[in-house]
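Asks: This is the structure I want to talk about, given as structure tokens.
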Amino acid sequence: MRLREVLALIVGLAVVGGLGYLGYEWLIATTEPGATDEEVIADGAREVVELYLDAWSAGDTATMADQLSGEAPEDFERRHEQLVEALEPTRFTLTAGELTEPADGRATVGVTVDVAPADAPRPVQWETDLQLSRNRGVWGVDWSLSTLHPELRPTWEFATEAEEMARRPILAADGTALASDDGRWLGFIPGAMDDPAQVSAAFERALPGTGAIADRELNRGQLVDDWFYPVVVVSRARAEAAWTTLRRTPGIAEPRDPPEGQRRVLMDLGFARHLVGVVAEATSEQLEELAEEGVDAPVGTYVPQFGLEAAFDEELTGSEVFRVGLRETSGGPLTHTIDEVQAEESTPVETTLDVGVQRAVENALIDVEEPAAIVVVDGNDGAVRGTASRPLFGFDRARTGRYPPGSTFKLVTLEAALAAGYDLDDEVACPARVVVGGLAVTNAGDRDLGTITLGEAFAESCNTTFAQLGAELGNDALTEASERFGFDVEPLHPLGAFGGSFPTPADTAELAAASFGQARVEASVLHLAAMVAAVTEGVWHQPYVLAEDGPGTSLPLATGAAERLRTALALTVTDGTGTEAAVDDAEVGGKTGTAQADGGSVEHAWFVGTYQGLGFAILVEDGGAGSEVAAPLAGLLVAELQRFLDGEVDPTDPLAATPIGSEADPEDEVDPEEEFEVRPEDEG
């Protein structure tokens, strides 16, 4: 090759190379500064996603099909139309999430589907994914049924349903259901009975108090031999426990489910009944009221009767629930629920009750025949941990009863004295009788203890000592002490409750009587439990029973008083009027009280005490001396608390949590290897 040709070739190559370089520079200049190849690719995928979702929101299936990576499936358009027909959306919004892994020819984008069905009270949502693939530099959506919803199957379709929401439970502090739709019927079948009297006796033995109900059902007349007649509805756990006794009596049928709407039960028979309340068949008056409100309620409708069940009826039920989901294309109920909404959301009611403490309270009252009540309050924050009143079908004495506190109020007077400079070792007089401001005051049994210490006067409950002490301290000191213990502060209680009242004494005589809890001083069992609970931490806390309501107001006791008050309470149990409350291996403090009412014709028995950071109050109406009636109950309560607080016994197990001293009937013991006999009347 000649030199001229060689030079021409070199120049040509240079020109071509230069043009290539300029082309490369032009490409870089037309892209965003700093853009990488991966970002350019991702932008292409995002553009397809945007086009697809915009078209989906608009119901434009043709444009959607244009964004697919291949031919649209035969059911592509029909599936989207079915979704719209089922939900009838008034709004359809699709929001894309982050694009992931765009560089290997495949990409995924999370999508939030937000739909407002025409009949729904508010929008429903679900999450799905768009899968994309790149073919020859072009992105497309890889559509499948899961693009509409991850759970959608070939034989399923979108659907909606609405139904009444199941009543929410009422809960203890740990989430245990105190009231729920867990009920089971226990009853009998007449044609299978040998002796009706045996049926009643068996019910009474297994579930005390139900024997009379069984008698009433058995004597109603014209019983049909093969019909099932329910006697009582109880929780599933209690039904199973009772069945160990009932199963041996011919004619009593195996537990079965009541109809929906009739399954509401307490955790156990009577458990926290006054607080929680019950749902039962509506009376004729209640049916008339419902009719006046435009509610169609036939005979047999169950409604809340009292307690938290009635007070929070709307919160527990809410409005009907609207569900969006998937079902078989042939129809029927939803197979898979995507989302559910309520116009008025139903919520459980959360109480402060401790199941173990409540069980201890119920067990302590099991054999009490007189009207009585017990309340237990947490000294740390004022939370009510247990509350019960007897009789079960009477009013709630624990929260609404107003009683003179009697000598339990000496705790307040003692705190006032300690705040004024007295000490437990100071000597005081305890004569059998004394006159203060014209008021004759005597000790129980006319006891004359002579000169003793202030701590001993408290432990021995010397009325004469405290009458003189109150008069010496004066109105202001005693009023201020009562205020530190929350007198005249209303409890935080959704059902309403009485606390304590300390009216300013009109004269010295009234001041003397008020100093040992008489005159016009009044308190509820709830308040006295909170009063003595204040001693555990040195702070009075406003008692509350719903988790959302507390803690409430807190008031510190006089500086340095709490420790000495605890000493005085302990002395009462070890060496004073409260010895019947002593329990082995338990540090119990307490104060007895015998409160006169109705001009002295009635004497209420009181005991207030402390145990493991809890304060408790026990009342037995017209029970007599607190040291003889209420103090033994306190000992029983503490013994029960020991079992449950120490984790020795499961308080939710009806068989294990029976009261101390209860013994199972040997005939009720079931051989674990013995198979249950299935009688014909139990089948089905």
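Asks: Got a number for residues in region 186-236 being touching a Pro at 6+ places or on another chain (Cβ under 9 Å) and polar (S, T, N, Q)?
Replies: Result for region 186-236: 3.
Asks: Let me ask you something else. Working carefully through the options Ala481, Ala477, Ala534, Ala519, find the one that is assigned to a loop (DSSP other than H, G, I, E, B), in contact (Cβ under 8 Å) with a residue 12 or more places away in the chain and in the same structural domain as Ala388 (by TED's automatic domain parsing). Explain how you work it out, then say what you get.
Replies: Details: Ala481 fails: assigned to a loop (DSSP other than H, G, I, E, B); Ala477 fails: assigned to a loop (DSSP other than H, G, I, E, B); Ala534 fails: assigned to a loop (DSSP other than H, G, I, E, B).
Of Ala481, Ala477, Ala534, Ala519, the one residue that is assigned to a loop (DSSP other than H, G, I, E, B), in contact (Cβ under 8 Å) with a residue 12 or more places away in the chain and in the same structural domain as Ala388 (by TED's automatic domain parsing) is Ala519.
Asks: Could you please find all residues in region 364-415 being in contact (Cβ under 8 Å) with a residue 60 or more places away in the chain and of a type in the set (Lys, Arg)?
Replies: Residues satisfying the conditions are Arg385, Arg397, Arg399, Arg402, Lys410.
Asks: Taking helices (runs of 4 or more DSSP H) that fall entirely within region 137-231, which contain at least 3 residues that are modelled with pLDDT under 95 and buried (at least 16 other Cβ atoms within 10 Å of the Cβ)?
Replies: Working: elements: 145-148, 196-206, 211-218.
Hits in region 137-231: 196-206, 211-218.
Asks: Take region 193-211 and flag every residue that is in contact with a helix residue (DSSP H, G or I) (Cβ under 8 Å, 6 or more places away or on another chain) and not charged (D, E, K, R). Walk me through how you get there before you give the answer.
Replies: Going residue by residue through region 193-211, those that are in contact with a helix residue (DSSP H, G or I) (Cβ under 8 Å, 6 or more places away or on another chain) are 193, 196, 199-207, 210-211.
Result: Met193, Pro196, Val199, Ser200, Ala201, Ala202, Phe203, Ala206, Leu207, Thr210, Gly211.
Asks: Further question: When the residues of region 408-441 are filtered to those that are more than 41 Å from the chain's Cα centre (by Cα) and of a type in the set (Val, Ile, Thr), which remaining residue is nearest to Ala457 (Cα to Cα)?
Replies: Once the filter is applied, the top-ranked residue is Val428.
Asks: Continuing with the same structure: Does Val303 meet the test of being surrounded by fewer than 22 Cβ atoms within 10 Å (Cβ to Cβ) and either outside any strand (DSSP E or B) or not small (Gly, Ala, Ser) (or both)?
Replies: Details: surrounded by fewer than 22 Cβ atoms within 10 Å (Cβ to Cβ): yes; either outside any strand (DSSP E or B) or not small (Gly, Ala, Ser) (or both): yes.
The answer is yes for Val303.
Asks: Here are the criteria: (1) at pLDDT 95 or above; (2) among the aliphatic types (A, V, I, L, M); (3) over 48 Å from the mean Cα position of the chain (by Cα). Tell me which single one Leu53 does not satisfy.
Replies: Unmet for Leu53, out of (1) at pLDDT 95 or above; (2) among the aliphatic types (A, V, I, L, M); (3) over 48 Å from the mean Cα position of the chain (by Cα): (3).
Asks: Let me ask another. Kindly evaluate Leu555 against the criterion of being assigned to a strand (DSSP E or B), assigned by TED's automatic domain parsing to the domain that holds Asp396 and either without any contact (Cβ under 8 Å) to a residue 12 or more places away in the chain or over 17 Å from Thr387 (Cα atoms) (or both). Steps first, answer last, please.
Replies: Values: assigned to a strand (DSSP E or B): yes; assigned by TED's automatic domain parsing to the domain that holds Asp396: yes; either without any contact (Cβ under 8 Å) to a residue 12 or more places away in the chain or over 17 Å from Thr387 (Cα atoms) (or both): yes.
Judged against the criteria, Leu555 is a match.
Asks: Kindly provide the set of residues from region 329-346 that are β-branched (Val, Ile, Thr) and either closer than 16 Å to Ala173 by Cβ or part of a strand (DSSP E or B) (or both), ordered by number.
Replies: Step one: filter region 329-346 for residues β-branched (Val, Ile, Thr), giving 329, 335, 337-338, 341.
The answer is Thr337, Ile338, Val341.
Asks: From the list Ala457, Ala417, which residue is in contact with a Cys (Cβ under 7 Å, 6 or more places away or on another chain) and more than 30 Å from Glu548 (Cα to Cα)? Please lay out each step first, then the result.
Replies: Details: Ala417 fails: in contact with a Cys (Cβ under 7 Å, 6 or more places away or on another chain).
Being in contact with a Cys (Cβ under 7 Å, 6 or more places away or on another chain) and more than 30 Å from Glu548 (Cα to Cα) holds for just one of Ala457, Ala417, which is Ala457.
Asks: Just give me the residues in region 598-627 being part of a loop (DSSP other than H, G, I, E, B), of a type outside the set (A, V, I, L, M, F, W, C) and over 22 Å from Thr567 (Cα atoms), in sequence order. Steps first, answer last, please.
Replies: Restricting attention to region 598-627, the residues satisfying the condition of being part of a loop (DSSP other than H, G, I, E, B) are 601, 612-613, 621-627.
Adding the requirement that they be of a type outside the set (A, V, I, L, M, F, W, C) leaves 601, 612-613, 621-624, 626-627.
Ser601, Glu621, Asp622, Gly623, Gly624 - these are the residues of region 598-627 that are part of a loop (DSSP other than H, G, I, E, B), of a type outside the set (A, V, I, L, M, F, W, C) and over 22 Å from Thr567 (Cα atoms).
Asks: Shifting gears a bit: Which residues, taken from region 286-312, are without any contact (Cβ under 8 Å) to a residue 40 or more places away in the chain and within 23 Å of Val232 (Cα to Cα)? Write out each step before concluding.
Replies: Here is the first cut: in region 286-312, the residues without any contact (Cβ under 8 Å) to a residue 40 or more places away in the chain are 286-300, 303-306, 310.
Once the filter is applied, which keeps residues that are without any contact (Cβ under 8 Å) to a residue 40 or more places away in the chain and within 23 Å of Val232 (Cα to Cα), region 286-312 yields Gln286, Leu287, Ala297, Pro298, Val299, Gly300, Val303, Pro304, Gln305, Phe306, Ala310.
Asks: How many residues are outside any helix (DSSP H, G or I) and touching a helix residue (DSSP H, G or I) at 6+ places or on another chain (Cβ under 7 Å) when one looks only at region 235-251? It would help to see each step written out before you state the result.
Replies: Within region 235-251, the subset outside any helix (DSSP H, G or I) is 235, 247-251.
Then keep just the ones that are touching a helix residue (DSSP H, G or I) at 6+ places or on another chain (Cβ under 7 Å); that gives 248-251.
The qualifying residues number 4.
The values are calculated or read from the model by the stated rules, or taken from the named source; none is laboratory data. Just so we're clear, the structure is a prediction, and the values are computed from it rather than from any experiment. Don't worry about glycine lacking a Cβ; one is built from the backbone with ideal geometry, like all the others, and counts go over all protein chains shown.
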